[in-house]
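Below is one structure, written out as structure tokens; comments come after it.
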Amino acid sequence: MTSTVHTAVVRPATVDDLPGMMALIHEFVRRGDILPRTELSVRMSINDWVIATLDGQVVGIGSLLIYSPLLAEVRSLAVSEQAQGYGFGRKIIDELLSMAAAYHIPTVFALTRVVPFFERMGFTVTEKEAFPEKIWRACRLCPIQDNCDEIAVVAKLEIE
Ligand SMILES: CC(C)(COP(=O)(O)OP(=O)(O)OC[C@H]1O[C@@H](n2cnc3c(N)ncnc32)[C@H](O)[C@@H]1OP(=O)(O)O)[C@@H](O)C(=O)NCCC(=O)NCCS
């Protein structure tokens with residue numbers, strides 16, 4: 001970003017954001033950072049997505065996948081390269097954790113290769129086996145499940 005004034009917003013996604021979201025998803029799938037998502041699956045789960053925009057352009061995405069009243073997962077988190085380091089990732093995580101808290105979901109996990117980022121967000125490293133729901137639903141279908149290099153991280157929310 002240059003010294004000119006920019007407008008940055010982090011907010012729930014709407015279907016109007018789909019083109020920008022899909023462009024970002026494709027970019028990060030190509031880099032191997034996030035799992036592929038179809039436009040239909042994003043459209044069908046649009047209420048579970050948060051986006052960051054910079055001057056109206058989608059520069060960040062993240063979603064919350066709810067497994068049960070007790071457990072949710074942060075998925076598809078990505079901030080475009082030119083917008084990294086400006087706090088968008090933190091704001092997206094804050095928003096997703098607020099969504100989980102609004103559902104009174106006390107535990108939110110992620111599988112990630114950027115552990116230090118999640119630690120900055122208050123997550124701690126844990127065992128993947130702590131989340132059999134995930135293993136049952138996604139990992140068992142993954143071709144590299146025996147060589148997975150993703151680390152499980154978890155945040156415990158204080159639910160009133
Ligand atoms: C990880 C990612 C989402 C972070 O987004 P970002 O907008 O650059 O992060 P922020 O600017 O909000 O950073 C928040 C804090 O985390 C730290 N941080 C960010 N990326 C980090 C990294 N890779 N390693 C260590 N710390 C990191 C920042 O320094 C900052 O610390 P501070 O609070 O002390 O200032 C972004 O780098 C990205 O999209 N990476 C590629 C895709 C990816 O790996 N996604 C994760 C899939 S689980």
ask   = Can you pull out the residues in segment 71-94 that are hydrophobic (A, V, I, L, M, F, W, C) and either touching a residue at least 60 places away in the same chain (Cβ under 8 Å) or assigned to a helix (DSSP H, G or I) (or both)?
value = L71, A83, F88, I92, I93
ask   = Only one residue in V59, V74 is farther than 16 Å from V114 by Cβ and within 10 Å of the ligand (Cβ to nearest atom). Which one?
value = V59
Counted residues, segment 129-160 - those being farther than 23 Å from F28 by Cα and basic (K, R) = 1
note = Out of (1) within 16 Å of the ligand (Cβ to nearest atom); (2) exposed (fewer than 12 other Cβ atoms within 10 Å of the Cβ); (3) assigned to a helix (DSSP H, G or I), the one D16 does not meet is (1)
key: Among (1) under 28 Å from D149 (Cβ atoms); (2) more than 10 Å from the ligand (Cβ to nearest atom); (3) in contact with a helix residue (DSSP H, G or I) (Cβ under 7 Å, 6 or more places away or on another chain) - the single one A52 does not satisfy   = (2)
inquiry  = Of the conditions (1) farther than 26 Å from H6 by Cβ; (2) within 11 Å of the ligand (Cβ to nearest atom), D94 satisfies every one except a single condition; which number is it?
reply    = (1)
request  = Please find, among D94, D48, the residue that is charged (D, E, K, R) and out of contact with any strand residue (DSSP E or B) (no Cβ under 6 Å at 6 or more places or on another chain).
outcome  = D94
request  = Would you please name the residue that is surrounded by the most Cβ atoms within 10 Å (Cβ to Cβ), looking only at residues in segment 104-160 that are within 10 Å of the ligand (Cβ to nearest atom) and assigned to a strand (DSSP E or B)?
outcome  = A110
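Each reported figure results from applying straightforward, stated rules to the coordinates on display, with no laboratory input. Everything numeric in this text was worked out from a predicted model, so none of it was measured. Note that we place each Cβ from the backbone using ideal geometry, even for glycine, and neighbour counts take in every protein chain shown.
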